[in-house]
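Enquirer: I am attaching a structure below and will ask some questions about it afterwards.
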2 protein chains.
Amino acid sequence: MTSDPHAGAVPLVEIRRGPFVESLHRGHAVICNAEGQIVESWGDPDVVILPRSAIKMIQALPLMTSGAGKDLDNRQLALSCASHEGAARHTDLAAAWLESLGLGEADLRCGPQWPSDRAAQTALTKGDTSPCQLHNNCSGKHCGFLTLNKHLGGGPEYILPDHPVQRAVLSAYEETTGETSPGYGIDGCSAPNFASSLKGVARAMAWFASAGQRNDSASTAAVRLVESMRQHPDLVAGEGRACTELMRAMDGVVVKTGADGVFTAILPAQGLGIAVKIADGATRASEALMARLLIRLGVLDARHPAALRRVDHVIKSRRGLEAGLITTVEGL
Amino acid sequence: MTSDPHAGAVPLVEIRRGPFVESLHRGHAVICNAEGQIVESWGDPDVVILPRSAIKMIQALPLMTSGAGKDLDNRQLALSCASHEGAARHTDLAAAWLESLGLGEADLRCGPQWPSDRAAQTALTKGDTSPCQLHNNCSGKHCGFLTLNKHLGGGPEYILPDHPVQRAVLSAYEETTGETSPGYGIDGCSAPNFASSLKGVARAMAWFASAGQRNDSASTAAVRLVESMRQHPDLVAGEGRACTELMRAMDGVVVKTGADGVFTAILPAQGLGIAVKIADGATRASEALMARLLIRLGVLDARHPAALRRVDHVIKSRRGLEAGLITTVEGL
């Protein structure tokens, strides 16, 4: 087999059913401080990961540092960092944004996706219509890419890894993680997703968390992006989703999920950054683990419904009988 | 932490993206022969698991051995072993079955569930209606329970662990696995799901596979259930689903998926039984692993589309770009 990058993963999240541990998730987590030092870690902090959508705030950074986004409002910036549900408030905002650029849905390169918002699903089904690229959970990020591209004067294929837009993203990624990226994978939205160590991702989140303590232009851009996400949790994900619910349940902490078991958090008041990767890629586990870490750090109330839907979460049968529990391993 | 039942799990399935192994699934697998001996295994054959829906053919066994199901046809028997999509052909069959018993949807105890069949979803959405218990993927199993219950004269709460129906199921489970069950968990359909070792599940599947070589009444019942599943793969799951597609792609092999990473197979011509449990519970991994084992045993063509949708499966972006691969570890 290919050498296992997750050989150092440790048990972190348990699925209990009756008296049994039915399933178990192994993974890695790192908490970094403003100096980029590891405060605490589980598993292997050096594991190389694809951070997926959990680092969209980094992908949005060149939009601001270049000056391309100077006329954007905080709602647009929140959407540029979003994995949204494709609800009307997301697709309408993306459509208006494209129009303001003199562009349209066909200029996007993210591909169509069925929305996860129930009302949007119902509207499409009842209208016998198909979803378009605006419904793609990454359409806001791609509106940001197109805004940067207009500024840079690049060609229409802004998702190619050597396109000026993606070169700018790579540069921002390497600067904030403090590492040279070893390569990339193609994300679900067809954009390159650059790799780094998990501790590099945590370091980048801590850099965002401490940006208010610095005056350089990149840090000023970071403060604005974090503030935009904090102000508009409904635009970053959607009703019922972990990012939206957890941000609403906390005071100023920003969190962002990514596919295949990645989750990040930015804690400005504490100057801390968190990065989580579940080895097997399970979202139920990355959400449970992130909720537990936020509880441990004292920024999330363990009894808040948003927390209890993720960790120490009671699994019920379809008739509502208590059947099991999603929780973290003892000691966490 | 609770002691980890999956400590002996080994790497089995990789998710690759670009040049990286993005995620990795550990787990266990056992192949048993007609004598109940382990032919080959990976991970820990003694791991205690909840087999979930992967052993519905065992839960249907008392229906036949009791004589309660003597007038049922093979379509009903296939549905009794099914985790179906809630398509019209499934719900119509379940409704007619209940009517033949003088019962109705309200007598089911499986709870309502949104169907995974797209046409059924569309019909419910367009009609502004909610799914009912007939749509529950387990409604056929519960029709079987009700048929047995009518024969036994038990009370209406046939899902209680000490109800005569479930005591009969436990007895069948212990006889076919050759083990005393250490307990149960409540399944998504509210019925008890009895635990055993993974090798016990593989032994039970081998017992089904070799049933045609024996003349006792339980074995005769097993032959009929296997034949019913083989004849009606569309009733056991649904269009696009792993069980349906894999059974259609093979000659006489029966497979059955279960929640949280369980998968079983019955190979009558070879007299072999297979049981798989992915430690983290991922379906993408249990499907990939089962497909690989069936290919290894020479009963599934690696180039068949049904195989290639599960293992050596190309992951594409939403615009259709090749982004990654789901495959098994080297040596498998």
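Enquirer: Hey, can you grab everything whose amide H is under 5 Å from the amide H of residue A:40? Only 5+ residues off in sequence or another chain; H modelled, so Pro and N-termini drop out.
Expert: HN-HN under 5 Å from residue A:40: A:31.
Enquirer: Compute the Cα gyration tensor for the protein assembly as shown, then decide on rounded, prolate or oblate, letting a ≥ b ≥ c be the square roots of its eigenvalues: rounded whenever a/c is under 1.5, prolate when a/b is larger than b/c in the other cases, and oblate in all that remain.
Expert: Prolate.
Enquirer: Still on this structure, please answer the following. Provide the FRET efficiency to the nearest 0.05 for the residue A:96-residue B:150 pair, computing r from the beta carbons and using R0 = 56 Å.
Expert: E between residue A:96 and residue B:150, to the nearest 0.05, is 0.35.
Enquirer: Between copies, how far apart are the residue A:231 label points? List them in nm, one decimal, shortest first, with each point 7 Å from Cα toward Cβ, please?
Expert: From this label point to the equivalent ones elsewhere in the assembly: 6.7 nm.
Enquirer: Got a sec to turn the phi values of segment A:226-239 into Karplus ³J(HN,Hα) couplings, 6.51 cos²θ - 1.76 cosθ + 1.60 with θ = phi - 60°, whole Hz, x for Gly and Pro?
Expert: 5, 5, 5, 5, 5, 6, 10, x, 5, 7, 6, 8, x, 4
Enquirer: Something else now. May I ask you to derive the relative contact order of chain B, considering only C-alpha pairs under 8 Å and at least 6 residues apart, and to give it as an integer percent?
Expert: Once divided by the residue count of chain B, the mean separation gives 23 percent.
Enquirer: Measuring from a point 7 Å out along Cα→Cβ, what nm distances, shortest first, does residue A:96 have to its partners in the other copies?
Expert: Ordered by increasing distance: 5.4 nm.
Enquirer: Related question: In nm to one decimal, list the spacings between the residue B:180 label point and its equivalents in the other copies, with label points set 7 Å along Cα to Cβ, shortest first.
Expert: 6.3
Enquirer: Can you run phi through the Karplus equation (6.51, -1.76, 1.60; θ = phi - 60°) for segment B:3-10 and list ³J(HN,Hα) in whole Hz, with x for Gly and Pro?
Expert: 3J(HN,Hα) across segment B:3-10, in whole Hz: 4, 7, x, 9, 4, x, 5, 10.
Enquirer: Also, I was wondering about something else. Give me the 1.4 Å probe accessible area per residue for the protein assembly as shown, excluding ligands and nucleic acids, in Å².
Expert: Counting only protein heavy atoms, the per-residue value for the protein assembly as shown is 35 Å².
Enquirer: Using +1 on the beta carbon of Lys and Arg, -1 on that of Asp and Glu, and nothing else charged, what's the dipole of chain A about the Cα centre, debye to 20?
Expert: Around 660 debye, computed over chain A.
Enquirer: Sticking with this structure for a sec: Using a 1.4 Å probe and ignoring any ligands, DNA or RNA, find the accessible area of residue B:294 and quote it in Å² to the nearest 10.
Expert: Number for this one is 0 Å².
Enquirer: Relative contact order (percent) for segment A:119-250, with alpha-carbon contacts under 8 angstrom and 6 or more residues of separation?
Expert: With pairs under 8 Å counted, the relative contact order is 11 percent.
Enquirer: For chain B, with all protein chains present and a 1.4 Å probe, just round the carbon and sulfur fraction of the accessible area to a whole percent.
Expert: In chain B, the share of accessible area belonging to carbon and sulfur is 49 percent.
Enquirer: Another one. Check residue B:310: other-chain or 5+ apart residues with amide H under 5 Å from its amide H, H built from backbone geometry?
Expert: none
Enquirer: Here's something else I'd like to know. Segment B:253-301: which residues show an accessible-area loss of 10 Å² or more, assembly versus chain alone, 1.4 Å probe?
Expert: Those residues are B:260, B:277, B:279, B:280, B:284.
Enquirer: Next up: Please report the spacing between the Cα centers of segment B:26-77 and segment B:254-332 in Å, no decimals.
Expert: Each part reduced to its Cα centre gives a spacing of 18 Å.
Enquirer: Could you check the simple spin-label distance between residue B:88 and residue A:70, using points 7 Å along Cα→Cβ, in nm with one decimal?
Expert: In this crude spin-label approximation the distance works out to 6.1 nm.
Enquirer: Right, next: Among A:275, B:47, A:11, which residue has its Cα furthest toward the positive end of the charge dipole of the protein assembly as shown, with +1 on Lys/Arg Cβ and -1 on Asp/Glu Cβ?
Expert: Positive-most Cα among the choices belongs to A:275.
Enquirer: So, taking all protein chains as they sit and a 1.4 Å probe, how much accessible area belongs to residue A:167, in Å² rounded to tens?
Expert: 140 Å²
Enquirer: Mind checking which aspartates and glutamates have their C-alpha under 16 Å from residue B:150, skipping anything on the same chain fewer than 8 residues away?
Expert: The qualifying aspartates and glutamates are B:71, B:99, B:105, B:107.
Enquirer: Using the structure shown, select from A:316/B:256; B:199/B:277; A:277/B:256; A:256/A:277; A:70/A:141; B:277/B:316 the pairs with a Cα to Cα distance greater than 21 angstrom.
Expert: A:316/B:256; A:277/B:256; B:277/B:316
Enquirer: For the pair B and A, how large is the buried accessible area, both sides, in square angstrom to the nearest 100, if the probe is 1.4 Å?
Expert: Answer for the B-A pair: about 4800 Å² buried.
Enquirer: Pop out the ³J(HN,Hα) list for segment A:259-267 in order, Karplus 6.51 cos²θ - 1.76 cosθ + 1.60 with θ = phi - 60°, rounded to Hz; leave Gly and Pro as x.
Expert: Whole-Hz 3J(HN,Hα) from phi for segment A:259-267: 4, 6, x, 9, 8, 10, 9, 10, 10.
The values are calculated or read from the model by the stated rules, or taken from the named source; none is laboratory data. Since we're looking at a predicted model, the values are computed, not measured. Positions of Cβ are backbone-derived with ideal geometry, glycine not excepted, and every protein chain shown enters the neighbour counts. What goes into the accessible areas is simple: the full protein's heavy atoms, side chains included, and nothing from ligands, DNA or RNA. Shrake-Rupley method; radii C 1.70, N 1.55, O 1.52, S 1.80 Å.
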